[in-house]
1. For residue A:105, are the conditions met, namely being within 14 Å of chain B (Cβ to nearest Cβ), in contact with a helix residue (DSSP H, G or I) (Cβ under 9 Å, 6 or more places away or on another chain) and on the phi < 0 side of the Ramachandran plot?
2. Restricting to region A:36-68, count the residues that are within 18 Å of residue A:111 (Cα to Cα) and touching a strand residue (DSSP E or B) at 6+ places or on another chain (Cβ under 8 Å).
3. Just to be sure before I move on: is residue B:115 part of a helix (DSSP H, G or I) and in contact with a helix residue (DSSP H, G or I) (Cβ under 8 Å, 6 or more places away or on another chain) in the structure I sent?
4. Picking from B:262, B:276, B:248, B:227, which residue would you name as being out of contact with any strand residue (DSSP E or B) (no Cβ under 9 Å at 6 or more places or on another chain) and in contact (Cβ under 8 Å) with a residue 40 or more places away in the chain?
5. Restricting the search to region B:281-295, which residues are touching a residue at least 12 places away in the same chain (Cβ under 8 Å) and surrounded by fewer than 17 Cβ atoms within 10 Å (Cβ to Cβ)?
6. Can you give me the ranges of the helices (runs of 4 or more DSSP H) entirely in region B:135-227 with at least 3 residues that are under 23 Å from residue B:237 (Cβ atoms)?
7. Quick one: residue B:3 ticks every box in (1) surrounded by 15 or more Cβ atoms within 10 Å (Cβ to Cβ); (2) not assigned by TED's automatic domain parsing to the domain that holds residue B:168 except a single one, so which number is it?
8. Taking the conditions exactly as written (within 13 Å of another protein chain (Cβ to nearest Cβ) and either without any contact (Cβ under 8 Å) to a residue 12 or more places away in the chain or crowded, with 24+ Cβ neighbours inside 10 Å (or both)), does residue B:191 satisfy them or not?
């Protein structure tokens, strides 16, 4: 076991993938000498060369479009989009080409492309650097969408994403890049597929459904609730498309109360899908409607206000209180 | 040069056009480009041109009779497509738009497979790797980036191959096309950008896309650009061959602007009489890509009437065969909706497929 930060865990995971398969490439803006603005690709160009760790021109559509071409030639590109708010110039290539080309070919071609996106707020950044665009991609058939929440998962999930023959949009919780955790880098015995959800805290009174940066917030909320005598279960979804419904529904039926937590705006957010599915499948087990906690229906605010925008421990517990009020 | 002088310079120097065969069928020389074709090879090019025009005419007819939902005609662009298509070697890779039926022909894609997309039975019915001919791409210009990425893969494989990507005059306004120029230039990718300037992007004439001849755009990106008579199959073949060879030997990208004309509508849903004058069409008819090869073959006694009749007969049979096989294309089944969305098992698709199958079974009881 070694202790690594989430960003270093991703780095080690990519390094392992590159060692295992010479077709794995890294590409993006500043991923070479600089090691990425968050240093997630630190040292990889030095060790694998400029042909495998490619500093690209500054154009996101170009990054994804050329990654598709490299994948057609048999490569496995791992693309870094520098910030969540910069993915939109690439949205056309991701949505109309990357997601749809395999079906267009009637299965003749595969596109094992990973699109890494640092996501979410909480780092005091300027506009366009704190977004949560996951719902745009979960709504696009042909993509797998996953989000890691901790270093151990980051290490395994990035390797699983790279090995996957489908395109994967890989969300990284940027404010958790510096969180540390134990990782067994000597083992490739992965505990579960990367589209499996995980109960990260057992509880009996209510279920918190979260992913990416909000998992830690929910764990903190659950710890605080325990002091008040409430036992909250926390489920880390890990995969948003597909969804591990078995784990989610089992928990919902057992606790009877569900609160969904994400940073993205609640309105039309991914939580709406979760609420609808839990209601459809667990209606007679629920003691309260599924409640949602998330961002407001506003643009992401200036950083001086982000602590009011982002769900925190108190906002989560307030929703739990409301769930018990029914 | 001052800014004002530079502004004036944009208007200077009429564009050069590489031409090896005049509209009248006269062979002309060019100092930099030549083709040395045997009579058999010229007859073969003529046959290609006639057959792809026949495929196109049959497809238009099939659309008019309701057998295809839509069709994008190549009429008038046969020489650009056959000339460039026949310049490719087996290991080269081609990325088309949705109008490159002539290039598909050169890559041995069965014409009936082109119809699946337009008939609505699939979104693209051939294996790109089998033919080194990518699927039709409908979003304008997207494929230029795929082609550059593929060319970067060729570089990493240290292979002796080139990539060619097709797009139109309208596509040159797209961000993706401009990004692909930058990428190709910066990475010195082995690629040929083959722009068929057919003068019209649906209803918008060339001047809505550019103030300079399109081939001159290349110089700003740092690689050569050239304009070729797109209705001259010899010139298209010669220029593309040279550009592909440059790409294969590490000399980087080339932009070829094939100057041609879209003789038909943009697609079968379009009505060009609303936006262009008949005299323009008449003028371009005199530059027909097939008639000039026929005239050349006649004048030089490289083919007799029997040959032309045999090609016409082959074309008629090809058209009839295409029609028969189009009508025989099996309709997809409802559960095919869920096929090939993902390569690996996907719980949501499996769930929805099972639910929909159960729903459909309900009607059978």
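The values are calculated or read from the model by the stated rules, or taken from the named source; none is laboratory data. Computed from a prediction, not measured in an experiment: that's the story for all the values here. Virtual Cβ from ideal backbone geometry, glycine too; neighbours counted across all protein chains shown.
1. So residue A:105 passes the test.
2. 5
3. Spelling it out, residue B:115 is indeed part of a helix (DSSP H, G or I) and in contact with a helix residue (DSSP H, G or I) (Cβ under 8 Å, 6 or more places away or on another chain).
4. Just one listed residue meets the conditions, B:248.
5. Selection gives B:281, B:285, B:286, B:291.
6. B:142-157
7. (1)
8. yes
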